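Notes to accompany the following structure.
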Amino acid sequence: MTATAKKTTRQFRADVSQVLKLVINSLYSHREIFLRELISNASDALDKLNFKGIEQPSLLKGGEPLEIRLTVDEDAGTLTITDTGVGMDRDELIENLGTIAHSGTQAFLAGIEEGADPVQLIGQFGVGFYAAFLVADEVEVISRAAGSDEVSRWVSRAEDKFTVAPFQGEHGRGTSVILHLQDEHKGFLQTWQLRSLVTRYSDYVSHPILLGEDQINQGSALWQRPKAEVSDEEYQGFYQHLAGDPEEAIAWSHFRIEGGMEMTGLIYLPGQPAPDLFWQETRGGLRLHVQQVFIMDDCDVLVPRWLRFLRGVVDSNDLPLNVSRELLQDQQAVRGIKRQVVKKTLDLLEQLAEDRPEDYQKFWQSFGTVIKEAVHEEPRHREALAELLRYPTSQGEELTSLADYVSRMTDDQEAIYYASGTDLQTLKDSPHLEKLQSEGREILFMVEPIDEWVVRGLEAYQEKKLVSAMHGEQTNDEEVADAGTAKDLLVKMKEILGDAVGGVVPSQRLTESPVCLVVPEGAMHAHVERLMKKTGQSFFDTKQILEVNPDHPVIQSLARKEVRGDEDLERWVHLLYDQALLVENSPLPDPNRLARNLTELMAGVLDKG
Ligand code: ADP
């Protein structure tokens, strides 16, 4: 007997124990998912064998059919899930079931800590095997790796350890997971239970699932079946399996492309965003099959990054079977597939927006930011993407499309107005919009930094320019045009404020407020520039321009020098400037100065009285 052939007992790695406990504690009300998880692992093992068989056809020889078998032993109280897939050798048993190497587990733990739904997480990050302990107090895994004669046996009663030993009995290629069911879960030994669970959760598994002699699932690749023969329920079931999402998909598109290129695609829009949607490294991807053989999950070269939320399958007839992740990059066919996926997704979104506007709004709430990214990244599809945008406006928080906005424009309105700021409330109260609003103009409200890029990318919609209600119009900021009696005051104000502002100019847009700050034409809004500076993406230091309402009583009084000397004027001017910063939610350079000035000026006013 060799050293490795002995029975050994090992501790689970700390993170496994943690995950195990979490799985058991958070999924007790969804115990039945254990079967789906184990069948899904079995199906993956069969896919992997198929894939390996491309390079090593000998692995597939031996006549064992590719299948999954459920076996019930009432006397022993066991349910066994057997597959004829790739199997695991001793080291793989230890590695795969005893330590968690995949980064998914870290994400799972982090997700749980953040309060994410464990049922959703479990699908996404694959801690599926441990679901076995939801119903079993002991789990045995007997496995023979394809191409090997050695059979190993892994056993654990959860807690914190497991044992591995050589298995003396017979076992064909693949894996058996034997569940010693807890007394209260012996119901899972009943065949009607198993049938109904398989129909509910695993019907779409493309390998046959056998119970006794009967095949109890459909067993054909769902995307290869004609659309008319697949029910909505089946589409949803397949989505949930594929995406590991307990919620339903919001919409899907099932298509076949022929002539020139040959592919079948089934793409889904999820109902809710995955927790990692906005992580820097998230790339997304679709499951890739070549001539119906499973090649890989999360194949990211098939989608542009903005489509990282998309889930689905692509089955191509134009790629070689032995294609690797690296080789895929250079395949002409991949570019063709990607183009089709983008096009079909845009069609799907357009249709959703048109036919089911309420569902589209829901989609927008979760994924709108990503669609905005696309406007920036996908210049070729800008027109189609522009139709998908939705914004709140000054006429109500209900989101509007650009098309609807334009349909409400009056004949004399030439541009589409938008205002950008940190939040809706700030925008609603913004002095910048006073004039436009008094003229009854509708203004789009943009509160996401990425909107800055949307506007730059689009420039116009239906030939109507997008015009910021908050940008300055003149670049020659030193020029104090027609400011009437306030002319000298404006020059004085610039002297007092110095480098804090790029200029002080009379305003066309204020009716109620004395001042507001605008950014020069072409510059980024202050809150976006702040954000970019924080993340090291911008080194600009754009100076805002102070716009002054020459007709405002406060400005008129100051122009008439109704103040107590120069020092007082300075206070008033700083106060006006600080107030302009406050209303746009920008930080004050010196809050103490504001407090001091306020106190002094209050004292002055009270003195007078
Ligand atoms: P996931 O399947 O998401 O990777 P699991 O915890 O379900 O996570 O399984 C961990 C690993 O154990 C799998 O990645 C796979 O390598 C291996 N495994 C599980 N079940 C089987 C099986 N029936 N046949 C072969 N390998 C398996």
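Just so you know, all these numbers are worked out from the coordinates, no wet-lab data involved. Every value quoted in this text rests on a predicted model; they were computed, and no experiment measured them. Using ideal geometry, Cβ is built from the backbone for each residue, glycine included, and neighbour counts are taken over all protein chains shown.
If you count, for each residue, the other Cβ atoms within 10 Å and average over each peptide, how do 257-268, 402-413, 525-536 line up from highest to lowest?
257-268, 525-536, 402-413
In what sequence, highest mean first, do 381-389, 78-86 appear when ranked by Cβ atoms within 10 angstrom?
Highest-to-lowest ranking by the protection proxy: 78-86, 381-389.
Calculated from DSSP H runs of 4 or more alone, at -39500 (n - 2.57) each and per residue, what is the 222 nm mean residue ellipticity of the chain, nearest 500?
That comes out to -11500 deg cm²/dmol.
How much FRET efficiency would the formula 1/(1 + (r/R0)^6) give for residue 196 and residue 355, where r is the Cβ-Cβ distance and R0 is 41 Å, rounded to 0.05?
0.80
What is the spin-label model distance, in nm, from residue 415 to residue 462 if the labels are put 7 Å beyond Cα along the C-beta direction?
Placing both labels 7 Å beyond Cα along the Cβ direction yields 1.9 nm.
Can you tell me the length gained on complete extension of the stretch residue 11 to residue 582, counting 0.36 nm per residue apart and subtracting the Cα distance?
Residue separation times 0.36 nm, minus the Cα-Cα distance, leaves 199.7 nm.
Give me, ordered by chain and number, the residues 5 or more places off residue 251 or on other chains with an amide H under 5 Å from its own placed amide H.
Counting only residues 5 or more places away or on other chains, the set is 269.
Quickly work out the residue 298-to-residue 163 label distance, labels modelled 7 Å from Cα along the C-beta direction, and quote it in nm with one decimal.
Label-label distance for residue 163 and residue 298, simple model: 3.6 nm.
Lysines within cross-link reach of residue 48: Cα-Cα under 16 Å, excluding same-chain residues under 8 positions apart?
Straight-distance partners of residue 48: 61.
What FRET efficiency would be calculated for the residue pair residue 602, residue 491, taking the C-beta separation as r and a Förster radius of 35 Å, to the nearest 0.05?
Computed FRET efficiency for residue 602 and residue 491: 0.80.
If r is the Cβ-Cβ distance from residue 317 to residue 511 and R0 is 51 Å, what FRET efficiency results, to the nearest 0.05?
Plugging the Cβ-Cβ distance into 1/(1 + (r/R0)^6) gives 0.20.
Quick one: what are the phi-derived ³J(HN,Hα) couplings along the stretch 435-441, Karplus 6.51/-1.76/1.60 with θ = phi - 60°, whole Hz, x for glycine and proline?
For the stretch 435-441, the Karplus curve yields 5, 4, 5, 5, 8, x, 7 Hz.
Sort the stretch 392-453 into rounded, prolate or oblate with this rule: let a ≥ b ≥ c be the square roots of the eigenvalues of the Cα gyration tensor; rounded if a/c is under 1.5, and if a/c is not under 1.5, prolate when a/b is larger than b/c, oblate otherwise.
It is oblate, given that a/c is not under 1.5 and a/b is not larger than b/c.
Using Cβ counts within 10 Å as a stand-in for footprinting exposure, how do 74, 358 rank, fewest first?
358, 74
Shape verdict for the chain, please, from the Cα gyration tensor: rounded (a/c under 1.5), prolate (a/b greater than b/c) or oblate.
The shape class here is prolate.
Report the relative contact order of the chain, percent, no decimals, based on alpha-carbon pairs under 8 angstrom and at least 6 residues apart.
9 percent
Sort 192, 453 so the one with the fewest other Cβ atoms within 10 Å of its own Cβ comes first.
192, 453
How far, in nm, would the chain grow between residue 26 and residue 54 when pulled straight, counting 0.36 nm per residue and subtracting the alpha carbon separation?
Once the chain is fully extended between residue 26 and residue 54, it gains 6.1 nm.
Which order results if 135, 155 are arranged by neighbouring Cβ count within 10 Å, fewest first?
With the sparsest Cβ surroundings first, the list reads 155, 135.
So for the pair residue 534, residue 424, with labels modelled 7 Å out along Cα→Cβ, what separation do we get in nm?
In this crude label model, residue 534 to residue 424 measures out at 2.1 nm.
Longer than 21 Å from Cα to Cα, which of 52/338; 465/487; 362/464; 435/465; 492/543; 52/227 are they? Say none if no pair is.
52/338; 465/487; 362/464; 52/227, as the Cα separations exceed 21 Å there.
List the residues whose amide H sits under 5 Å from the amide H of residue 443, counting only those 5 or more places along or on another chain, with H placed 1.01 Å from N in the peptide plane.
Correct list: 394, 395.
What's the extension gain from residue 149 to residue 116 if we count 0.36 nm per residue and subtract their Cα-Cα distance?
Fully extending the segment from residue 149 to residue 116 adds 7.5 nm.
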